[in-house]
1. Compute the Cα gyration tensor for the chain, then decide on rounded, prolate or oblate, letting a ≥ b ≥ c be the square roots of its eigenvalues: rounded whenever a/c is under 1.5, prolate when a/b is larger than b/c in the other cases, and oblate in all that remain.
2. For Glu157, what accessible area in Å² do you get when you roll a 1.4 Å probe over the heavy atoms of the protein chains, rounding to the nearest 10?
3. List nothing, just return the count: lysine pairs in the chain, 8 or more apart or interchain, with Cα separation under 25 Å.
4. Could you tell me the calculated FRET efficiency between Trp106 and Val58, based on Cβ-Cβ distance and R0 = 25 angstrom, to the nearest 0.05?
5. Considering only protein heavy atoms and a probe of 1.4 Å, how much of the accessible area of the chain is carbon and sulfur, as a whole percent?
6. Given labels modelled 7 Å from the Cα in the Cβ direction, how far is it in nm from Gln131 to Glu157?
7. Given axes a ≥ b ≥ c from the Cα gyration tensor, I'd like to know whether the range 88-143 is rounded (a/c under 1.5), prolate (a/b larger than b/c) or oblate.
8. For an R0 of 25 angstrom, estimate the FRET efficiency from the Cβ-Cβ distance between His2 and Lys99 and round to the nearest 0.05.
Amino acid sequence: MHFTLADLVTDITQNGAESGASLVELTVSEIRGTGGEFRFTVRDNGKGMDAAELKRAVDPFVTDGIKHPRRKVGLGLPFLIQTAEQSGGGWDIKSEKGKGTTVNAWFDPANVDMPPVGDVPGMFRSILMFQGPQEIRITRSRRGEGGENSYELSKTEISEALGGLDNTGSLVLLDKYLRSLEEDE
Ligand SMILES: Nc1ncnc2c1ncn2[C@@H]1O[C@H](COP(=O)(O)OP(=O)(O)OP(=O)(O)O)[C@@H](O)[C@H]1O
Ligand SMILES: [Mg+2]
């Protein structure tokens, strides 16, 4: 397997960012050790889906035909569902037309089929740079034998602090900052 949970989280968060939402909220929490869990939730206040649209979105053989006009299959949600189910985890999606969508998925780190977590700071950097939503909020928490660590990120606050996210200097700073947050535990 060459993909990571970070790839999956990025993909699902991108759906939220592309939904017309003004606010996308991502929570990533990890509990290490026995009975551990990797869980993420993406909530957006975008266009949402009615029951039929949601059913289509989770069907591996359907895509909306707009973004990838020549491709006949969607990847995002069906891939998430398949990966969660095949590695002893689960998922839950709630959506309301015109109101927004919440995608929740969890994985069992003890399961040999769980993909590697991947590069979490790199994932947060990509997500904070998504265009579209006015605000993207990230809540990250980790719990293990070594103790507990949690922090929050806000796209508007970070962008303000760095004087915009559209130049190389601020991206280097952002990267350093995000990596330092993951280091101390
Ligand atoms: N958060 C969301 N809000 C509204 N609609 C969504 C959301 N997530 C998914 N959808 C709908 O489900 C469809 C399928 O999503 P999926 O991620 O599988 O494919 P995609 O986003 O169209 O393409 P890809 O992710 O491969 O670039 C989307 O095109 C969209 O219509
Ligand atoms: Mg998508």
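The values are calculated or read from the model by the stated rules, or taken from the named source; none is laboratory data. What you are looking at is a predicted structure, and each value in this text was computed from that prediction instead of being measured. As a convention, Cβ positions derive from the backbone with ideal geometry for all residues, glycine included, and neighbour counts pool all protein chains shown. Keep in mind that these areas ignore ligands, DNA and RNA; they rest on the heavy atoms of the full protein, side chains included. Shrake-Rupley method; radii C 1.70, N 1.55, O 1.52, S 1.80 Å.
1. oblate
2. Approximately 130 Å² for this residue.
3. 20
4. The formula returns an efficiency of 0.95 here.
5. 51 percent
6. For Gln131 paired with Glu157, the spin-label model returns 2.6 nm.
7. Verdict is oblate for the range 88-143.
8. For R0 = 25 Å, the calculated efficiency reads 0.10.
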